[in-house]
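The values are calculated or read from the model by the stated rules, or taken from the named source; none is laboratory data. Being a predicted model, the structure only gives us computed values, none of them experimental. Neighbour counts are summed over all protein chains in view; Cβ atoms, including those assigned to glycine, are modelled from backbone coordinates with ideal geometry. Heavy atoms of the whole protein, side chains included, go into the accessibility calculation; ligands, DNA and RNA do not. Shrake-Rupley method; radii C 1.70, N 1.55, O 1.52, S 1.80 Å.
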Amino acid sequence: MPALTVLNPIFVWMLPAAALPVLFHLFFRVRKRERLFSTLMFFRRADPRLRSRRRIREWLTLLLRVFAIVFLLLALARPCWQGLGRGAAVSTVLVVDNSGSMSGQSPKGPTKLALACEAARNLVLRMHNNDKAGIVLLVNDPTVGLPEGMTSDRTALAAALNDIRPTDASGKPAHALDRAVALLNLAPSPHRELHIFTDIQVTEWGKEAALSGAVPFGVEVVVHRIPSSVSSGPDLAVKAIRPQQRRIVAGRPFSVLVEVLNQGNSDGRARLSTFDSNGAGSTQEILVPANQNRTVSLTLRAVNPRPQWLQVRIEDEGLPADNQAYLAFHPLGRQTVLFVGADREFGLLPLALAPDSEGSFSGLVPIFKERSHVRAQLDKINPAMIVVTWEEIADWAHPDSAVVELQTFVSKGGTLLLVPATAASTPSF
Amino acid sequence: MSPNDSYKYLPPALAESLRNVNLFVRRPVQGAKQGLHRSTQFGSSVEFAEYRNYVPGDPPSRIDWPVYARTDRYVIRRFQDETNLRAYLLLDISGSLAFRDLGAMSKMDYAAFLAAGLMFILVNQGDAVSLLTFDRKVRHPFPLVETFEGLRPLLLHLEQLRPQGRGDIEAAIHEAAVMMAPRSLVILISDLLQESEKIARGLRHLFHDGHNLMVMHVSDSGERRLSFDGIVELRDMETGERMVIEADELRPAYTAAVERHIAEIRAACAECLADYRLIDTRSSVEEELHNLQSTARLIY
């Protein structure tokens, strides 16, 4: 049923100001100058309609002023009829929140996402033949076959809604609404609606984000809030996963910190499991007090110098969406450090870079070559760093191929280390 | 009482200046004794009236011999008799007379001065005078007086007058007409703020009764031409009615209405052979009273 609404309700609250002209008239009325006069008969002869005409004119002027104020305020309030033109086609965009929080239970039993999709399906089934609808997901899920743009095909729309599955990701409402607005701007019919099905998680919807474009004027926006079930027990979630703040070297152990949050009203006991891309896994028991965080340190070993991932999961906990986190990392293989000159010229530096000559501790392997072999080594290996003594550089009086190669190496981002020559001997282990 | 006694509305200086002022009327009057005015009766005065046939017993000295020489007929000249005047002053004391704007005094005060001066002139020239005050009816009719002593209560009464109430000139005239002796002089002193047709009816009544009429229209110039401007709420001094007007917008039409009213009154007076005088309260009372004499002589 069409209903009158206003876009700027504050001006409706100001409508009593329309009575101001009447108040002013009454107030100033008593302040006219009064004067005794011998007779009024000549005034009536001058204008027989004088008294009545003046009063009528006064009241008309007053009425006009009141109407002017009322119409101005109503215009500023921007009234609009919602539901007008129901006989014509309606264009509807359905924004479905498929973020991780929607996989949680609703008070009625089904998941929140299930309820959202059911409500959206009901809207689709009530569409008229000329109506059009489109679907936008809060989390872009390419596995869901959404109809292109706006369509009148209720079957396709219902099928798409049936395909929607919960994701583990957090939604970006601003992006989703931008896509919805883009669809609405292309909608042909004058009556447009935007329906949002969500549990309005603060972590997603509470972030301030500006839409790239304004919602078109006259669009009816309806938010269907799906309530979450209230739990009295613990509520564990993986809040963050952070690797060590240093290089991860293949073959070397490294640590990962996992921060677990308990937002429930009771202590949470669960198992924290890990599983990596190499098939290795681990499990440990954790206890997180109510309304507190706990940081768990995991020690892992990266075997190969290639991209890998790690999954951390809290087992046996209600909402799986926030119970797991992934970490992608790329361990580094051993790298070469090219020393130009003999080892004795560099003192303890080679030992410092690689306590064992095979780079087991640092991932760095020192090799020593004469200046004449620099170019060949650069072609053969890609050293992480080139170390040259000052004396060696100073000895290069005029440019030769080695100097040119070093310049090229540095210009391409390579690290060149200049150190003073030293006679200190390197102890052996 | 002597003519030198001081009254508010007849100070000695005014009385002294009016001693030689005489007031005449145009129509014959019916008086009680010999006076300055033409009588309706025939007598042996010097003014020829008509001829009649000689009858035995008439004095031969009254035979008009030139007529006999021409016609061989014996005829007697008849002459107008002269008698004194009975004058009635109808003084308006309705609420509108309290108005004062541009004048030196209120209309009531001015009218009272006029009334006092007229009564003095009339008594001074040997005529009888009476005062009848009215608003919508005659309030206080005094008997005719012929002496200065007799004038005293009338002059004292003038000093007690307080203009109030609604006025009805026509009704008062009709009421006063039965109180007055026929063929007298009636002087109406009023601001004439009533429909001209009604005033005319009253004047016609008096005219048909054979009276000589004099209408003294007392007016403040501020009520003929509005002296104020802007939006004003007016209150009628007699009825209490209120009206909000914008003076600047209304002034031309108002002035025209007043002038139309004066013209209608003037025409009504002319129809009744009444002597009409529009008197501005800014003018001197003494001058206006002196003007009565000069105008009267021009008419006759």
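The table for this structure:
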{"read-out": "Potential extension, A:S357-A:I286 segment - 0.36 nm per residue separation minus Cα distance", "value": "21.5 nm"}
{"read-out": "GluC sites (Glu not before Pro) lying in DSSP loop within the range A:94-203, provided at most 10 other Cβ fall within 10 Å", "value": "A:E148"}
{"read-out": "Inter-label distance for A:L186 and A:V222, nm, one decimal - labels placed 7 Å from Cα along Cα-to-Cβ", "value": "2.4 nm"}
{"read-out": "Residues of the range A:179-204 with amide N under 17 Å of a point placed 7 Å along Cα→Cβ from A:D153", "value": "none"}
{"read-out": "Added length on full extension, which subtracts the Cα-Cα distance from 0.36 nm per residue, A:Q407 to A:R301", "value": "34.4 nm"}
{"read-out": "Computed E for A:A19/A:H128 - FRET, C-beta separation, R0 41 angstrom, nearest 0.05", "value": "0.35"}
{"read-out": "Dipole of the range A:207-362 [Lys/Arg +1, Asp/Glu -1 at C-beta], most positive-end residue of A:N291, A:S232, A:A302", "value": "A:A302"}
{"read-out": "Folded to 0 to 90 degrees: helix A:50-77 orientation relative to chain A principal axis, Cα", "value": "20 degrees"}
{"read-out": "Cross-link reach list, lysines versus A:K369, counting only Cα pairs under 23 Å and skipping chain neighbours closer than eight places", "value": "A:K380, A:K412"}
{"read-out": "Total accessible surface hidden between A and B, rounded to 100 Å², 1.4 Å probe", "value": "2900 Å²"}
{"read-out": "Cα-based shape type of chain A, given that a ≥ b ≥ c are square roots of the gyration tensor eigenvalues and the cut on a/c is 1.5", "value": "prolate"}
{"read-out": "Percent of C-alpha pairs per 5 Å bin, the range B:136-175, short to long", "value": "6, 19, 23, 19, 20, 10, 3"}
{"read-out": "Residues whose placed amide H lies under 5 Å from that of B:Y51, excluding near-sequence neighbours", "value": "B:R78"}
{"read-out": "Residue with peak Gaussian network fluctuation, chain A [Cα springs, cutoff 10 Å], from A:F197, A:F254, A:F339", "value": "A:F339"}
{"read-out": "Probe 1.4 Å, protein heavy atoms only - accessible area per residue of the range B:105-176 in square angstrom", "value": "35 Å²"}
{"read-out": "Under 5 Å, built H, 5+ apart or other chain: amide partners of A:K132", "value": "A:V90, A:S91, A:T92"}
{"read-out": "Under Karplus coefficients 6.51, -1.76 and 1.60, residue-wise ³J(HN,Hα) of the range A:147-158 in Hz, glycine/proline x", "value": "x, 6, x, 9, 9, 9, 7, 5, 5, 5, 5, 5"}
{"read-out": "Computed label-point distance, nm, for sites A:S273 and B:K8 using a 7 Å Cα→Cβ extension", "value": "12.3 nm"}
{"read-out": "Pairwise FRET efficiency - A:L26 versus B:Q164, Cβ, R0 = 41 Å, nearest 0.05", "value": "0.80"}
{"read-out": "Anchor A:K132: lysines whose Cα lies under 30 Å away (excluding residues fewer than 8 positions away in-chain)", "value": "A:K112, A:K172"}
{"read-out": "Sites B:V178 and B:W65, calculated FRET efficiency, Cβ-Cβ separation with R0 41 Å, nearest 0.05", "value": "0.25"}
{"read-out": "Protection-proxy order for peptides A:352-360, B:57-65, each taking the mean of Cβ atoms within 10 Å per residue, highest first", "value": "A:352-360, B:57-65"}
{"read-out": "Viscosity 1.002 mPa s, 20 °C: Kirkwood-radius Stokes-Einstein D of the range B:131-278 over Cα pairs, µm²/s", "value": "126 µm²/s"}
{"read-out": "Helix A:401-411 vs. chain A, principal-axis angle (Cα, 0 to 90°, nearest 10)", "value": "30 degrees"}
{"read-out": "Backbone HN-Hα couplings from phi across the range A:309-315 [Karplus 6.51/-1.76/1.60, Hz, Gly and Pro as x]", "value": "9, 9, 10, 10, 9, 9, 8"}
{"read-out": "Burial ranking of peptide ranges A:121-134, B:188-201, A:98-111 (average Cβ count within 10 Å, highest at the top)", "value": "B:188-201, A:98-111, A:121-134"}
{"read-out": "Separation of alpha-carbon centers, the range B:84-100 and the range A:213-274, rounded to whole Å", "value": "109 Å"}
{"read-out": "Relative packing of peptides B:161-172, A:261-272 - highest average C-beta neighbours within 10 Å first", "value": "B:161-172, A:261-272"}
{"read-out": "Peptide B:217-225 - average C-beta neighbours from other chains (10 Å radius)", "value": "1"}
{"read-out": "Derived scalar couplings ³J(HN,Hα) [the range B:280-292; Karplus, 6.51 cos²θ - 1.76 cosθ + 1.60; whole Hz; x for Gly, Pro]", "value": "8, 5, 7, 7, 6, 4, 4, 4, 4, 5, 5, 5, 4"}
{"read-out": "Test item: B:88-95 mean partner chain Cβ contacts at 10 Å", "value": "1"}
{"read-out": "Cα-based reach from B:K137 at 16 Å (exclusive), listing lysines while leaving out same-chain residues under 8 positions away", "value": "B:K198"}
{"read-out": "Amide hydrogen neighbours beyond the local backbone of A:V6, cut-off 5 Å, H modeled", "value": "A:C80"}
{"read-out": "Anisotropy class of the protein assembly as shown from Cα gyration tensor, a/c 1.5 cut", "value": "prolate"}
{"read-out": "Of all accessible heavy-atom area on chain A, the percent that carbon and sulfur account for (1.4 Å)", "value": "57 percent"}
{"read-out": "Per residue solvent-accessible surface (Å²) - the range A:299-385, probe of 1.4 Å", "value": "53 Å²"}
